[in-house]
Number of protein chains: 2
Amino acid sequence: MCAVTSNAEIAQLESVYGPLADSVRRLIDATIRTTAEPTAVAAAKEKIDCATVELSAALIPDSFGVQQADDGQTMAWGNVMIGLRNPVAPPLTIHHEADGLVWTDFVLGAAYEGPPGHVHGGMCAMVLDHVLGATAHKPGRPAFTGTLTLRYLRGTPLGPLHAEARIDRVDGVKTFAVGHIADAQGITVEADGVFIHPRQNRSA
Amino acid sequence: MCAVTSNAEIAQLESVYGPLADSVRRLIDATIRTTAEPTAVAAAKEKIDCATVELSAALIPDSFGVQQADDGQTMAWGNVMIGLRNPVAPPLTIHHEADGLVWTDFVLGAAYEGPPGHVHGGMCAMVLDHVLGATAHKPGRPAFTGTLTLRYLRGTPLGPLHAEARIDRVDGVKTFAVGHIADAQGITVEADGVFIHPRQNRSA
């Protein structure tokens with residue numbers, strides 16, 4: 001699916017689908033943490049199934065993919081890390097500074113847990129893959145992960161977190177990036193990776 | 001939260017919360033893929049918000065953590081990779097063979113997308129972190145990721161996938177594990193990592 005959409009249409013779609021995904025994010029959190037009675041859970045489940053039927057009246061056939069706006073911007077609304085429409089995405093908001101620094105401040109709650117009270121080590125890897133990769137991304141010319149190495153200094157607590165990355169060097173189609181995740185006490189996980197601009201887009 | 005629960009209670013809780021999380025997984029997929037009219041989306045959102053209110057009538061204060069059954073088994077039902085109660089989890093079912101091989105067959109849909117039609121590289125990292133780490137886990141004595149290195153051979157398509165890992169060697173508190181993700185055509189991502197049994201549990 002790669003329809004070109006006008007900016008006015010995008011704003012309208014955003015106002016419909018953004019709040020829907022936010023509602024589902026709140027539902028995910030309550031689903032994990034509820035201790036409601038079985039009858040209340042059954043009543044909630046019935047409403048959820050009704051909502052799914054309503055939304056499924058018209059579906060795109062596969063995944064969301066990346067849609068294009070008429071100003072050349074891309075909408076990765078289904079993306080598991082930044083997708084406006086993907087309730088699994090925190091979602092991350094990626095900032096690009098003029099000096100090449102890429103950073104994001106975000107909050108990870110109960111849905112991203114590994115060790116009790118802590119972010120799953122693999123979730124830290126996913127965030128760092130995305131943030132390091134973002135140093136190499138160019139509009140309409142994504143970079144793919146070649147290698148990624150993670151060093152876990154200590155557990156990353158659930159709650160407010162920060163991630164950042166910068167380019168170490170560029171060699172042809174390869175961008176070498178470094179970065180980390182931190183909580184208020186400092187760095188918890190460090191990463192470095194190689195991101196590649198394929199000559200041909202490997203998209204399906 | 002670390003209450004000890006009887007096996008009969010666990011089976012009852014599983015029958016209440018397992019289907020709830022499955023319903024939310026279907027809702028997540030429809031939320032990403034729907035092209036329903038804005039009025040239908042609004043009606044669905046209202047039902048979702050009602051369900052969240054019902055489930056939120058009683059909540060545990062923080063994340064789910066790991067609860068204990070009276071046979072010594074642990075229930076990581078909030079875990080982002082294997083959690084029965086976590087709609088973000090596919091969830092993975094981890095198999096341990098007698099020879100130490102750990103493997104899982106799973107399906108990743110639209111909710112885990114990165115490049116169009118493909119699994120997000122970071123999601124592959126999260127799966128591999130979990131599967132490699134599982135080679136080192138012992139009941140009541142989890143292992144934490146020390147380092148993890150990923151080599152991406154090609155894009156991993158959305159759909160049915162396989163991941164496996166085995167122990168390469170053990171050196172004191174450190175377990176060195178290797179593994180990969182594969183689709184029907186072969187390996188897409190390789191990984192190796194070091195997993196550590198801390199002398200004191202670093203849980204919050």
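Across peptide B:149-156, how many C-beta atoms of other chains are within 10 Å of each residue C-beta, on average? Mind showing how you got there, number by number?
Details: counts 7, 9, 6, 10, 1, 2, 6, 0.
Counting Cβ atoms of other protein chains within 10 Å of each residue's Cβ and averaging gives 5.
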Cα-based convex hull volume of the range A:62-140 per residue, rounded to whole Å³: 111
Share of Cα-Cα pairs in the range B:116-196 lying beyond 17 Å, as whole percent: 42
Could you derive backbone 3J(HN,Hα) for the range A:96-102 from the dihedral phi with the Karplus parameters 6.51, -1.76 and 1.60 (θ = phi - 60°), listing whole Hz in sequence and x where the residue is Gly or Pro? 10, 7, 4, 7, x, 5, 10
Amide hydrogen neighbours beyond the local backbone of B:L59, cut-off 5 Å, H modeled: A:T35
With a 1.4 Å probe and all protein chains kept in place, how much accessible area does A:W77 have, in Å² rounded to the nearest 10? 30
Which of the lysines could a cross-linker bridge to A:K47, judged by Cα under 30 Å and excluding same-chain residues fewer than eight apart? B:K45, B:K47
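What is the Cα convex hull volume of the range B:152-204 when expressed per residue in Å³?
Taking only Cα atoms, the range B:152-204 has a hull volume of 107 Å³ per residue.
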In square angstrom to the nearest 100, the accessible surface buried at the A/B interface, both sides summed with a 1.4 Å probe, amounts to 7300
Put the label 7 Å from Cα along Cα→Cβ for B:G172; what are its distances to the other copies, in nanometres, shortest first? 4.1
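Antiparallel versus total DSSP beta bridges in the protein assembly as shown: what percent is that, nearest 5?
Working: 89 of 93 bridges.
That works out to approximately 95 percent antiparallel.
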Quotient of C-alpha Rg and 2.2 N^0.38 Å, computed over chain A: 1.14
Can you say what percent of the DSSP beta bridges in the range B:1-151, counting only those with both residues inside, are antiparallel? Round to 5. 75
Within straight cross-link reach of B:K138, meaning Cα distance under 23 Å, which lysines are found once same-chain residues fewer than 8 apart are removed? B:K174
Go ahead and collect, in residue order, the members of the range A:45-62 whose backbone nitrogen is under 20 Å from a label point 7 Å along the Cα-Cβ direction of B:T35. A:52-62
I'd like the projected area of the range A:1-89, averaged over all directions, using the convex hull of its alpha carbons. Report it in nm² with one decimal. 6.5
Output, in nm with one decimal and in ascending order, the distances from the A:P19 label point to the matching label points of the other copies (7 Å from Cα along Cα-to-Cβ). 3.1
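Calculate how large, on average over all directions, the projected area of the Cα convex hull of the range B:132-173 is; give the answer in nm² to one decimal. All intermediate terms of the calculation are to be shown ahead of the outcome.
Numbers: hull surface 17.9 nm².
Taking the Cα atoms of the range B:132-173, their convex hull projects to 4.5 nm² on average.
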Among the range A:119-135, those whose backbone N falls under 17 Å of a label point 7 Å along Cα→Cβ from A:H95 are A:131-132, A:134-135
Work the Kirkwood hydrodynamic radius out for the protein assembly as shown: mean of 1/r over every pair of different alpha-carbon atoms, inverted, in Å. 21.6
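The values are calculated or read from the model by the stated rules, or taken from the named source; none is laboratory data. Quick caveat, the model's predicted, so the values are computed rather than measured. Don't worry about glycine lacking a Cβ; one is built from the backbone with ideal geometry, like all the others, and counts go over all protein chains shown. To get the accessible areas, we keep the full protein, side chains included, count just its heavy atoms, and leave off ligands, DNA and RNA. Shrake-Rupley method; radii C 1.70, N 1.55, O 1.52, S 1.80 Å.
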